[in-house]
1. Among the residues of segment 41-62, are any β-branched (Val, Ile, Thr), over 11 Å from the mean Cα position of the chain (by Cα) and closer than 19 Å to Phe6 by Cα?
2. Can you tell me how many residues within segment 45-67 are more than 13 Å from Ser77 (Cβ to Cβ) and in contact with a Leu (Cβ under 6 Å, 6 or more places away or on another chain)?
3. Taking the condition over 12 Å from the mean Cα position of the chain (by Cα) and of a type in the set (S, T, N, Q), does Asn3 pass?
4. For segment 56-84, how many residues are aliphatic (A, V, I, L, M) and more than 15 Å from Asp11 (Cα to Cα)?
5. Considering segment 1-14 alone, what residues qualify as being over 12 Å from Ile75 (Cα atoms) and in contact (Cβ under 8 Å) with a residue 24 or more places away in the chain?
6. Which count do you get for residues in segment 36-58 that are in a helix (DSSP H, G or I), touching a Lys or Arg at 6+ places or on another chain (Cβ under 8 Å) and not hydroxyl-bearing (Ser, Thr, Tyr)?
7. Filter segment 61-79 for residues that are part of a helix (DSSP H, G or I) and either surrounded by 14 or more Cβ atoms within 10 Å (Cβ to Cβ) or on the phi > 0 side of the Ramachandran plot (or both) and give the result.
8. With the requirement that a residue be without any contact (Cβ under 8 Å) to a residue 40 or more places away in the chain and in a loop (DSSP other than H, G, I, E, B), what does segment 18-35 give you?
Amino acid sequence: MSNEAFNRVSDILKHIMEDTSVPRNIRKAAEESKDILNNEEEDSTVRASTVISILDEISNDPNIPIHARTLVWEILSELESIRA
């Protein structure tokens with residue numbers, strides 16, 4: 001499992017969490033996703049799959065700004081490559 005990929009994803013999630021133009025529910029989902037990714041007691045593919053399902057749901061939120069949606073898609077493609 002690539003810790004480097006998880007670190008990149010965590011950095012992007014942190015950026016979303018700190019962006020005040022992103023609705024609170026989406027920032028909260030990003031924070032939850034970051035916590036899940038950083039839980040090293042869980043198997044890495046389980047962590048990736050859990051975060052994928054959370055982020056897939058928020059990527060369809062009509063209130064998510066375009067720039068944040070693009071970041072979420074970037075994270076999803078990174079995690080899909082880990083899970084595969």
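1. Checking segment 41-62: at least one residue is β-branched (Val, Ile, Thr), over 11 Å from the mean Cα position of the chain (by Cα) and closer than 19 Å to Phe6 by Cα.
2. Here the count works out to 1.
3. In short, yes.
4. 5
5. Within segment 1-14, Met1, Ser2 meet the criteria.
6. 4
7. Ala68, Arg69, Leu71, Val72, Ile75, Leu76, Glu78, Leu79
8. Thr20, the sole residue that qualifies.
Only the coordinates and a few stated rules stand behind these numbers; no lab work does. Since this is a predicted model, take the numbers as computed values, not measurements. All Cβ positions, even for glycine, are placed from backbone atoms using ideal geometry, and neighbour counts span all protein chains on display.
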